[in-house]
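Working notes, structure below.
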Amino acid sequence: MSQAEQLEVWCAGEEWCALTSTATLLGRKWHPVIIDRLLAEGPLRFNALKRAVDGVSSKVLSESLDDLENHGLVARQVVNEKPVRVEYSLSGRGRSLEPVIDAMGRWGSEHLADPEES
């Protein structure tokens, strides 16, 4: 991976840096859900993604998409049709998170309390 493709981090050189940096990026409330939905459904327009990520506001979704795009995980493509539309998809780097997102989902399914039982 070239240096241009690497994420900038504040803890460079520390043994624990890779784990902390990944957790910081994926630890934002909606980021893993957005990545999961784009993995499952492929490219989506903004409103379709908002419906797929039930509960997120338009403002927070827009900010999250901008952040994920800035980190090279999400690609924004303007489709020149009438009317012009924008689609969001995962970049190669974003798709490489699939095993991480799957593992997070499995862990949560195994360890989180069932709301029906609480």
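See the values below:
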{"quantity": "Per-peptide average of other Cβ atoms within 10 Å, ordering 18-24, 64-70, 104-110 highest first", "calculated": "64-70, 18-24, 104-110"}
{"quantity": "Cβ-Cβ FRET estimate between Arg95 and Lys29, R0 fixed at 22 Å, reported to 0.05", "calculated": "0.55"}
{"quantity": "Accessible area of the chain divided out per residue, in Å², using a probe of 1.4 angstrom", "calculated": "70 Å²"}
{"quantity": "Relative contact order of the chain, defined on C-alpha pairs under 8 angstrom at six or more residues apart (%)", "calculated": "23 percent"}
{"quantity": "Kirkwood Rh and Cα Rg combined as Rg over Rh, evaluated for region 66-118", "calculated": "1.23"}
{"quantity": "Fully extended contour minus Cα-Cα distance, from Glu87 to Thr20, at 0.36 nm per residue", "calculated": "21.1 nm"}
{"quantity": "Rg/Rh ratio calculated on Cα atoms of the chain (Kirkwood radius)", "calculated": "1.01"}
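The values are calculated or read from the model by the stated rules, or taken from the named source; none is laboratory data. Model, not experiment: these values are computed from the prediction. Cβ coordinates were reconstructed from backbone atoms using ideal geometry, including for glycine residues, and neighbour counts include every protein chain displayed. When the accessible area is computed, the model is the full protein with side chains, heavy atoms only, and any ligands, DNA or RNA have been set aside. Shrake-Rupley method; radii C 1.70, N 1.55, O 1.52, S 1.80 Å.
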